[in-house]
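*Asks:* A single structure is presented below for examination.
The values are calculated or read from the model by the stated rules, or taken from the named source; none is laboratory data. Since the structure is predicted, the reported quantities are computational estimates derived from the model, not experimental observations. No Cβ is skipped: glycine too gets one built from the backbone with ideal geometry, and neighbour counts run over all protein chains shown. Just the protein is used for accessible areas: all its heavy atoms, side chains included, with ligands, DNA and RNA removed. Shrake-Rupley method; radii C 1.70, N 1.55, O 1.52, S 1.80 Å.
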Amino acid sequence: MSNILVTGGLGFIGSHTCVELINAGFTPIVIDNLGNSEVWIKERIEKIVEQSITFYEGDCRDKELLNQIFTTHAIGGVIHFAAHKAVGESVSEPLKYYENNLGGLTAILETTQKHNCSNLVFSSSCTVYGTPDHLPVNESAQIKSAESPYGTTKIICEKIIQDLFAADPAYKAILLRYFNPIGAHSTSLIGELPLGIPSNLVPFITQTAAGIRESLTVFGNDYNTKDGSCVRDFIHVTDLAKAHIKALEFLINKKEGTCEAVNIGTGNGNTVLELISAFEKVSEQKLNYSIGKRRDGDVEAVYADAKKSKELLGWEAKISLEQSLLDAWNWQKTLKK
Ligand code: WQD
């Protein structure tokens with residue numbers, strides 16, 4: 001039962017999770033349509049773990065392919081990463097997001113049911129909290145209407161899994177609500193590969209430091225926070241990857257059905273300006289940045305109440321913000337300009 005289907009396994013979080021799965025004695029079976037990932041990431045994963053991995057190039061909406069995979073391999077669990085994730089694009093192309101993110105999930109769920117396989121770890125996001133009423137935000141906070149169609153897909157996907165659990169109480173699933181993943185593998189062999197101009201903060205910072213972008217704009221310094229810039233909970237991708245292993249082990253060991261949402265964050269909030277100054281310190285260079293207008297849809301402050309992940313899964317973040325930024329920078333330096 002140690003084969004784990006990893007959809008989107010060559011992506012940023014997926015690739016780091018494949019490494020941690022192997023480190024923990026599982027066998028990842030990867031399906032990825034290369035829509036937002038590169039096939040050479042597979043070789044990089046193999047280099048880190050010194051073994052080959054099974055890879056299917058395909059889309060997880062392809063039920064025939066999913067059936068083939070479940071028939072060929074005894075699948076003991078699924079980690080479902082594959083989804084579109086660009087918040088801005090989801091506003092201009094909402095149907096692309098609903099079609100892919102919801103269609104991918106329902107195809108996966110249908111296949112797991114057909115093959116009597118449960119143990120689903122789903123990639124959700126703190127975006128489901130919108131602007132939280134209380135900080136740190138815990139899992140029982142009200143799920144607000146999302147700021148973007150991307151966020152709405154995460155809310156609906158969570159609901160679909162909860163509805164399936166209500167109909168099939170033996171089903172076992174964990175919904176991991178990620179905060180802001182950053183960093184890269186300590187070997188600098190895998191990391192984030194943003195398509196085009198990054199919309200996320202850390203890749204924009206590292207590309208600016210590398211001279212690919214001229215200057216970073218800080219979106220607003222008039223928020224009600226300690227220095228006026230937004231507050232986020234930045235978590236190292238390796239810590240995040242390890243949370244998936246803990247979630248999977250929890251599900252495998254659990255006798256009865258379950259469906260729990262769990263925050264995966266550090267529990268600490270840092271402002272955008274604090275992050276920039278930490279980056280300048282670890283990279284030993286000045287970053288070219290200026291203060292600009294607020295970005296539409298940005299939440300002023302959000303960071304995790306990280307109690308449940310510790311109590312339920314026995315997981316907590318370990319890697320510091322400084323180390324995360326150094327790893328992101330070291331990875332950036334391996335990429336061609
Ligand atoms: C962080 C902070 C920006 C870029 C989004 C999604 C979320 C998740 C992660 C996942 C904000 C500021 C950014 C820049 C800036 N998605 N910023 N200048 O918005 O917290 O979360 O990505 O797949 O669901 O909503 O992350 O990295 O875009 O921004 O000042 O050039 O950095 O305003 O305060 P965000 P982010």
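*Asks:* Whose amide H sits under 5 Å from the amide H of residue 29, counting only residues 5 or more places off or on another chain, with H placed in the peptide plane?
*Replies:* 4, 5, 6
*Asks:* Using only the Cα atoms of the chain, what semi-axes does the equivalent ellipsoid have when each is the square root of 5 times a gyration tensor eigenvalue? Give whole Å, largest first.
*Replies:* Square roots of five times the eigenvalues give 31, 23, 18 Å.
*Asks:* Also, quick follow-up: Please find the FRET efficiency linking residue 156 to residue 52, where r is the Cβ-Cβ separation and R0 is fixed at 45 Å, and quote it to the nearest 0.05.
*Replies:* 0.80
*Asks:* Let me have the relative contact order for the chain, percent, based on Cα pairs under 8 Å that are six or more residues apart.
*Replies:* Normalised by residue count, the contact order of the chain is 19 percent.
*Asks:* In whole Å, what is the distance between the alpha-carbon centres of segment 139-207 and segment 105-124?
*Replies:* The distance from the Cα centre of segment 139-207 to that of segment 105-124 comes to 17 Å.
*Asks:* Mind checking the angle between helix 12-23 and the chain's longest principal axis? C-alpha axes, 0 to 90 degrees, to the nearest 10.
*Replies:* 60
*Asks:* Relative to the longest principal axis of the C-alpha atoms of the chain, give the angle of the C-alpha long axis of helix 272-283, reported between 0 and 90° and rounded to the nearest 10°.
*Replies:* Helix 272-283 and the main axis of the chain meet at about 90 degrees.
*Asks:* Over the chain, with every protein chain in place, what whole percent of the accessible area is carbon and sulfur at 1.4 Å, could you tell me?
*Replies:* Within the chain, the accessible surface is 48 percent carbon and sulfur.
*Asks:* Evaluate Rg over Rh across segment 175-259, taking Cα atoms for both radii and Kirkwood's formula for Rh.
*Replies:* Value, to two decimals: 1.10.
*Asks:* With each run of n ≥ 4 DSSP H residues scored as -39500 (n - 2.57), what mean residue ellipticity at 222 nm is computed for the chain after dividing by its residue count and rounding to the nearest 500 deg cm²/dmol?
*Replies:* My calculation for the chain gives -11500 deg cm²/dmol from helical runs alone.
*Asks:* Using the basic label-point model (7 angstrom from Cα toward the beta carbon), what is the residue 106 to residue 34 distance in nanometres?
*Replies:* My value for the distance between the label points is 2.9 nm.
*Asks:* Can you give me the angle between helix 63-72 and the longest principal axis of the chain, using Cα atoms only, in degrees from 0 to 90, rounded to the nearest 10?
*Replies:* So the inclination is approximately 70 degrees.
*Asks:* Step through the residues of segment 312-324 one at a time and calculate ³J(HN,Hα) from phi using the Karplus curve (6.51 cos²θ - 1.76 cosθ + 1.60, θ = phi - 60°), rounding each to whole Hz and writing x for Gly and Pro.
*Replies:* Running phi through 6.51 cos²θ - 1.76 cosθ + 1.60 with θ = phi - 60° gives 7, 9, x, 10, 8, 6, 10, 8, 6, 4, 4, 5, 4 Hz.
*Asks:* Estimate the FRET efficiency between residue 293 and residue 210 by the formula 1/(1 + (r/R0)^6), using the beta-carbon distance for r and 30 Å for R0, to the nearest 0.05.
*Replies:* Once the sixth-power term is evaluated, E becomes 0.75.
*Asks:* Could you rank the peptides 229-240, 321-332, 85-96 by their average count of other C-beta atoms within 10 Å per residue, with the highest value first?
*Replies:* Order by mean packing, descending: 229-240, 321-332, 85-96.
*Asks:* Quick check: net charge around residue 135, other residues with Cβ under 11 Å of its Cβ, Lys/Arg +1 and Asp/Glu -1?
*Replies:* In short, -4.
*Asks:* Among 158-165, 282-289, how do they line up from the highest to the lowest mean number of other beta-carbon atoms within 10 Å?
*Replies:* 158-165, 282-289
*Asks:* Let me ask you something else. What shape does segment 256-305 have by the C-alpha gyration tensor, where a ≥ b ≥ c are the square roots of the eigenvalues, rounded means a/c under 1.5, and otherwise prolate means a/b greater than b/c and oblate the rest?
*Replies:* oblate
*Asks:* Taking H as built 1.01 Å from N, whose amide H comes closer than 5 Å to the amide H of residue 231, not counting residues under 5 places away?
*Replies:* Amide H to amide H, under 5 Å and 5 or more residues apart or across chains, residue 231 pairs with 301, 302.
*Asks:* Next question. Would you please classify the overall shape of segment 4-99 from the alpha carbon gyration tensor, given that a ≥ b ≥ c denote the square roots of the eigenvalues, rounded means a/c under 1.5, and beyond that prolate means a/b larger than b/c while oblate covers the rest?
*Replies:* In terms of gyration-tensor shape, oblate.
*Asks:* Just the Cα atoms of segment 141-185: what Rg and Dmax do they give in Å?
*Replies:* Rg then Dmax for segment 141-185, in Å: 13.3, 39.
*Asks:* Measuring from a point 7 Å past the Cα of residue 199 along Cα-to-C-beta, which residues in segment 66-94 have an amide N at less than 12 Å?
*Replies:* Residues passing the 12 Å test: 84-94.
*Asks:* If you average 1/r over all unlike Cα pairs in segment 75-221 and invert the result, what Kirkwood radius do you get in angstrom?
*Replies:* The Cα-based Kirkwood calculation yields 17.3 Å.
*Asks:* What is the dipole size for the chain, taken about its Cα centre, with +1 at each Lys and Arg Cβ and -1 at each Asp and Glu Cβ, in debye to the nearest 20?
*Replies:* For the chain, the charge dipole is close to 240 debye.
*Asks:* Pairs 42/63; 246/310; 242/318; 42/310: which are spaced more than 20 Å apart, C-alpha to C-alpha?
*Replies:* In this structure, 42/63; 42/310 lie more than 20 Å apart at Cα.
*Asks:* Please work out the average accessible area per residue across the chain, using the 1.4 Å probe convention, and give it in Å².
*Replies:* Per-residue accessible area for the chain comes out at 44 Å².
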